[in-house]
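Chemist: I have a structure I would like to understand better, so I am pasting it below and will then ask my questions one at a time.
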Amino acid sequence: MPIADLALPRRRLVLISASLMTAAIAGCRSTDILNPDDGQSRAETEAALPMVNRLRQSRGLSSLSRGKAAEVAAIAQAKRMARAGEMSHLIGFNDSFGARMKGHGVPLPAAENIATGQDSVERAVQAWIDSKRHLDNMLGNFNGLGVAVAWDSASGNRPYWAMVLSA
């Protein structure tokens, strides 16, 4: 095989190795993560519900209620972002929103809003209201809501927020 033909597979191997190293390093970040049993995630959801429901009612839409599976999925997403130190819906190789929702038992259809940097649930919800795509999610045909926050202590306690809306 000519040397030029070996270069492409070697480049792919280097890129794959670099991706795996990045994922391994991201998994080693120091984080203060919510425990689903600590009650705080329920508090975040309960604080967000009246704000989202007022918005929905002002548009003639039905109110949402606390969705336990949506809450668990929001906790998991906030944790994932804090661990990675990255605000992203998809983190890691082969990540899939649909598979994550199904894995947490979230009734479909579902939607996810994420944010980082806001120091309160009120500010996170307002940031989502101010974003057309996130606002559209909150005004969608959903019944359940879960909201969570996790902090990445490696970046100075940066908060990562996740909201999951479910059928």
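The values are calculated or read from the model by the stated rules, or taken from the named source; none is laboratory data. What you see is a predicted model, and the numbers here were worked out from it, not measured in a lab. Neighbour counts run over all protein chains shown; Cβ positions are idealised from the backbone, glycine included. For accessibility, only protein heavy atoms count, side chains too; no ligands or nucleic acids. Shrake-Rupley method; radii C 1.70, N 1.55, O 1.52, S 1.80 Å.
Chemist: As a test question: what accessible area, to the nearest 10 Å², does L139 have when a 1.4 Å probe is rolled over all protein chains in place?
Modeler: We get 40 Å² for L139.
Chemist: Further question: What lysines does K68 reach when the alpha-carbon gap must be under 25 Å and sequence neighbours fewer than 8 apart in one chain are set aside?
Modeler: Within reach: K79, K102.
Chemist: Also, I was wondering about something else. Relative contact order (percent) for segment 101-167, with alpha-carbon contacts under 8 angstrom and 6 or more residues of separation?
Modeler: 44 percent
Chemist: Which order do T116, T45 take by accessible area at a 1.4 Å probe, largest first?
Modeler: Descending order: T116, T45.
Chemist: In segment 73-167, which chymotrypsin sites (Phe, Trp or Tyr not before Pro) are in a loop and have at most 13 other Cβ atoms within 10 Å, using DSSP for the loop call?
Modeler: Those that pass, being in a loop and sparsely packed, are F93.
Chemist: For segment 42-137, which GluC sites (Glu not before Pro) pass both filters: DSSP loop (anything but H, G, I, E, B) and at most 16 other C-beta atoms within 10 Å?
Modeler: Passing sites in segment 42-137 are E86.
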